[in-house]
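Notes to accompany the following structure.
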Amino acid sequence: MASSLIIDFEGVALENVSNLSPLNVDGFTFSTTDAESAVFGAGSGVLFPPQETTFLAFAESNTITLTSGGIFDLVSLIAGPTSLAAGSTVDFTVSSTFANSTTSFQTFEELGEATLLSLNLTGLTSVAFTTTDDAAIDELVIGAIPTPGPAILLGSALLGAFGLRRLARRAS
């Protein structure tokens, strides 16, 4: 089983992200519906309190969609308003699409600062984030997903060993 991955935007160049050029981080793609988003870092003048690290911010007019080209789990993330928000709180919605084509929606109301959201969503093909005012996301924890390759190799090796043992018994 693979280990968990934390997407924290620390190695991402500080730049605007638009729907014409998606942001690719650690094998995951963040797509936007409009250009009202950017990756901000310390010293940029845009804050995501109490976070003091790089984060992905977007306006209420935007939707950020996370995909990987496969199935993944989203354990948690940090979300909340940025210093660009007109109000002091935001409502943050997570819209999930699962591999079996079902969907779910979770809304976290009146977030007043960067808040850890425990999601524990498994078997996703995509997840979209929307907000009622300027907000940000950071430290997305992508859960471990078993890979079929090693299991198939182990199974093949065991079958091969069993077959060789049978042939050895017949020969003696």
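Step by step: first the residues of segment 123-145, then only those that are of a type in the set (Val, Ile, Thr) and in a loop (DSSP other than H, G, I, E, B), then the one that is nearest to residue 53 (Cα to Cα). Which residue is that? Residue satisfying both the conditions and the ranking: 132. Between a first residue in segment 62-82 that is at positive phi and a second residue that is at pLDDT below 95, which pairs have beta carbons less than 6 Å apart while being 6 or more apart in sequence or on different chains? Taking only residues 6 or more apart or on different chains, not a single pair turns up.
Output the residue which, of all residues in segment 39-86 that are of a type in the set (Phe, Trp, Tyr) and more than 29 Å from residue 99 (Cβ to Cβ), is modelled with the highest pLDDT.
Restricting attention to segment 39-86, the residues satisfying the condition of being of a type in the set (Phe, Trp, Tyr) are 40, 48, 55, 58, 72.
From what is left, the residues that are more than 29 Å from residue 99 (Cβ to Cβ) are 40, 48.
Numbers: 40: 90, 48: 95.
It comes out as 48.
Just one of the listed residues (105, 92) is at pLDDT 95 or above and surrounded by 19 or more Cβ atoms within 10 Å (Cβ to Cβ), namely 92.
For residue 66, the test of being more than 11 Å from residue 126 (Cβ to Cβ), within 15 Å of the chain's Cα centre (by Cα) and buried (at least 19 other Cβ atoms within 10 Å of the Cβ) is failed. Count of segment 47-69 residues, restricted to those that are among the aromatic types (Phe, Trp, Tyr) and under 20 Å from residue 105 (Cβ atoms), is 1. Mind checking whether some residue in segment 9-16 is among the aromatic types (Phe, Trp, Tyr) and assigned to a loop (DSSP other than H, G, I, E, B)? Yes, some residue in segment 9-16 is among the aromatic types (Phe, Trp, Tyr) and assigned to a loop (DSSP other than H, G, I, E, B).
The values are calculated or read from the model by the stated rules, or taken from the named source; none is laboratory data. The model shown is predicted, which means the values in this text are computed figures rather than measured ones. Every residue, glycine as well, gets a Cβ built from its backbone with ideal geometry; the counts of neighbours run over all protein chains shown.
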